[in-house]
1. Select from the stretch 65-93 the residues that are buried (at least 18 other Cβ atoms within 10 Å of the Cβ) and not aliphatic (A, V, I, L, M) and list them in ascending order.
2. Restricting attention to strands (runs of 3 or more DSSP E) lying wholly within the stretch 122-217, give those where 2 or more residues are surrounded by 13 or more Cβ atoms within 10 Å (Cβ to Cβ).
3. In the stretch 46-64, is there at least one residue being of a type in the set (D, E, K, R), surrounded by 15 or more Cβ atoms within 10 Å (Cβ to Cβ) and closer than 28 Å to T136 by Cβ?
4. Looking only at residues in the stretch 94-114 that are in contact with a strand residue (DSSP E or B) (Cβ under 9 Å, 6 or more places away or on another chain), surrounded by 12 or more Cβ atoms within 10 Å (Cβ to Cβ) and not aliphatic (A, V, I, L, M), which one is farthest from E21 (Cα to Cα)?
5. Please enumerate the residues belonging to the stretch 4-60 that are under 21 Å from S71 (Cβ atoms) and either in contact with a Ser or Thr (Cβ under 7 Å, 6 or more places away or on another chain) or of a type in the set (G, A, S) (or both).
6. Determine whether L90 is touching a Gly at 6+ places or on another chain (Cβ under 6 Å) and modelled with pLDDT under 90.
7. Restricting the stretch 127-151 to residues that are at pLDDT below 90 and hydroxyl-bearing (S, T, Y), which is nearest to D202 (Cα to Cα)?
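The values are calculated or read from the model by the stated rules, or taken from the named source; none is laboratory data. On a predicted model such as this, the values are computed, not experimentally measured, just so you know. Neighbour counts run over all protein chains shown; Cβ positions are idealised from the backbone, glycine included.
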Amino acid sequence: MKLLVIEDDHTIANSIKKGLEQESYVCDVAYDGESGLDLALSADYELIILDLMLPKVTGTSICRAVRDEKSTVPIIALTAKDAIRDKVELLNMGADDYLTKPFAFEELLARIRALARRPQQLNGETLRLQDLILNTHTYQVSRAGQSIQLSSREYSLLEYLLRHAGQTLTKDQIIRHVWNYDTDILPNTVEVYIRYLRNKIDTSNSKPLIHTVRGFGYRLG
């Protein structure tokens, strides 16, 4: 799952990014409203964590601009205001949830997980395809009852494929969702990680689930 954090306090932003990456999320960070707005409108994210008090462009303006583009990406607003009217205004302008500073990272993580479950209408915390199961809370992956150990990047790739099972995904789509915005990606990087996953998911004793659609990309299912 790929997230965008827009926060001008470098300590807070980097702390959130570090914590999310330890939880196997892919995370980009913008330290001002202008660059944050550019990323929010030009890249594909599955959730945005948005501070409201930003230089150059306010968080409120970013939220409204995202919604004006008809985007339904979940937005968690970070605010120092705790009055009821301020919270109501946040929700009315298009935020899906909010946290009042200071906040515990565990609460932020719980709210991210709750919002991530809504669009996909998941069965609790589980992504499942035939006998392949991925638990988005414990990060455990198994197939036919056998536990599978994945690296953080392999896990992110498999989660993205499972969330779009049955769809043909191009290499560009995979890169945008599984790697950070500023990461240098070699032409065959996606192929390499698909091969890593196949070696672990599609064993000789199991029916292949990862398929190459020549000229287009990859499909899980």
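1. First, the residues of the stretch 65-93 that are buried (at least 18 other Cβ atoms within 10 Å of the Cβ): 66, 73-79, 90.
Answer for the stretch 65-93, where residues must be buried (at least 18 other Cβ atoms within 10 Å of the Cβ) and not aliphatic (A, V, I, L, M): P74, T79.
2. In the stretch 122-217, the matching strands (runs of 3 or more DSSP E) lie at 126-129, 132-135, 141-143, 210-213.
3. Kept after step one, since they are of a type in the set (D, E, K, R), are these residues of the stretch 46-64: 46, 51, 56, 64.
Filter again for surrounded by 15 or more Cβ atoms within 10 Å (Cβ to Cβ), leaving 46, 51.
Going one step further and asking which of them are closer than 28 Å to T136 by Cβ, we end up with 46, 51.
Yes, there is a match, as at least one residue in the stretch 46-64 is of a type in the set (D, E, K, R), surrounded by 15 or more Cβ atoms within 10 Å (Cβ to Cβ) and closer than 28 Å to T136 by Cβ.
4. Looking only at the stretch 94-114, we keep the residues that are in contact with a strand residue (DSSP E or B) (Cβ under 9 Å, 6 or more places away or on another chain), and these are 94-101, 103, 107-108, 111-112, 114.
Filter once more, keeping what is surrounded by 12 or more Cβ atoms within 10 Å (Cβ to Cβ): 94-101, 103, 108, 111-112, 114.
If we keep only those that are not aliphatic (A, V, I, L, M) as well, we get 94, 96-98, 100-101, 103, 111.
Details: G94: 26, D96: 22, D97: 21, Y98: 21, T100: 22, K101: 21, F103: 18, R111: 16 Å.
So, considering only residues that are in contact with a strand residue (DSSP E or B) (Cβ under 9 Å, 6 or more places away or on another chain), surrounded by 12 or more Cβ atoms within 10 Å (Cβ to Cβ) and not aliphatic (A, V, I, L, M), the one farthest from E21 (Cα to Cα) is G94.
5. Within the stretch 4-60, V26, A30, G33, S35, G36, A40, S42, A43, L52, G59 meet the criteria.
6. Values: touching a Gly at 6+ places or on another chain (Cβ under 6 Å): no; modelled with pLDDT under 90: yes.
Judged against the criteria, L90 is not a match.
7. Applying the filter and picking the extreme gives Y139.
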